[in-house]
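The structure appears right after this line, and notes come after that.
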Amino acid sequence: MEHSIESYIKNLVRETIGQTISDVQTHNGRSNYVIANWKMNKTLAETADFFEKVTCDDTVSVVICPPAPLLYLANNMIKQQVKPIALGGQNVHWAEKGAFTGETSTEMLKDVGCEYVIIGHSERRQYFHEDDEIINQKVRQSIKAGLIPIICIGESLEQKNFLQTEQILTEQLIGALKNTGSSNFIIAYEPIWAIGTGQSATPERAQETHAYIRSVLKQLLGQTADSISIIYGGSVNEKNAEEFSSMPDIDGVLVGNASLNAETFEEIINVFAKGEQNE
Ligand code: 13P
């Protein structure tokens, strides 16, 4: 990939002032995001290989969230290769520092180059018993530290079948955003039944749900809700990304499995980059 002077300068600014640069806004004033959640995958060698291969331009905000031990290398690779890619953690602790064996602080994430952090992923809610209270504390600590939280919400299959989706999403949103006083976050709608199953939500159904999420955000934050990016996650791949990108309230995707392969992930990036250029 050719690296333009412009993206080189943006990277320099990003490093110097430690801020996210939203290069291009969508027609509705929101940034489009393509975010990779690698979950517990990849070695150092595989990480280096991914960053050597993946290419993108800066017409879409690309964020990669590797496991914590791979962040340092990922950050170095991004700097070395001058790619317009931001880094995110997959989890963070709610306390600033202290006796919390095995945990990672917001300061550590920032120090290693992260601008974002995923909070409240359903796998953390399920396997690590994170509830709305813990998620709220993590969101608040992240905002305080200057990280942008990617807040995950989503209903289980059972809740969907019992027509409880809207109620669950509302509770999760209110729980996560209590006393945060900020609109600098991303919401990721990830229906649990769609994660890792190959059964994504239909783009129409996802659009309806995103519109509902935005209506709740409007109740909580007023018109600012229009500027908040709401992204979809759950079995997104290079084949279905295009359909999601055409929906007015779907401002990007959070990708698990299909983000592990540089070529596949790049195809998904290109769908959203192209979408912005076309507007
Ligand atoms: P998959 O894309 O593998 O379904 O995972 C989605 C996810 O959980 C992203 O956070």
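Details
- The peptide list 264-270, 103-109, put in order of mean Cβ contacts within 10 Å with the highest first, becomes 264-270, 103-109.
- About its Cα centre, the dipole of the chain is roughly 620 debye, where the only charges are +1 on Lys and Arg Cβ and -1 on Asp and Glu Cβ.
- Where only C-alpha atoms are counted, convex hull volume of the range 164-242 per residue in Å³: 99
- Once backbone amide H atoms are built at 1.01 Å from N, Val62 has Val34, Ala86 as its partners under 5 Å, excluding neighbours fewer than 5 places away on the same chain.
- Volume per residue of the convex hull around the Cα atoms, evaluated for the chain, comes out as 121 Å³.
- Dimensionless Rg over Rh [the range 88-174; C-alpha; Kirkwood]: 1.02
- For Gly89, the residues 5 or more places off, or on other chains, whose built amide H falls under 5 Å of its own are Tyr116, Val117, Ile118.
- Entries in Lys144/Lys218; Lys39/Lys144; Lys39/Lys160 that, when Cα-Cα distance is taken, lie over 32 Å: none
- Vicinal HN-Hα couplings computed from phi for the range 155-164 (Karplus, 6.51 cos²θ - 1.76 cosθ + 1.60; Hz; Gly/Pro x): 9, 7, 4, 4, 5, 4, 5, 8, 6, 9
- DSSP H segments from the chain that extend 20 Å or more along their own axis, Cα-based, with Kyte-Doolittle mean of -0.5 or above: 262-278
- The charge dipole of the range 211-274, taken about its Cα centre with unit charges on the Cβ of Lys, Arg, Asp and Glu (plus for the first two, minus for the last two), comes to roughly 300 debye.
- The peptide list 46-59, 248-261, put in order of mean Cβ contacts within 10 Å with the highest first, becomes 248-261, 46-59.
Any read-out appearing in this document is the output of simple, stated calculations on the displayed coordinates, not a laboratory observation. In this text, all values refer to a predicted model and were calculated from it rather than measured experimentally. Ideal geometry is used to build each Cβ from the backbone, glycine not excepted, and the neighbour counts take in all protein chains shown.
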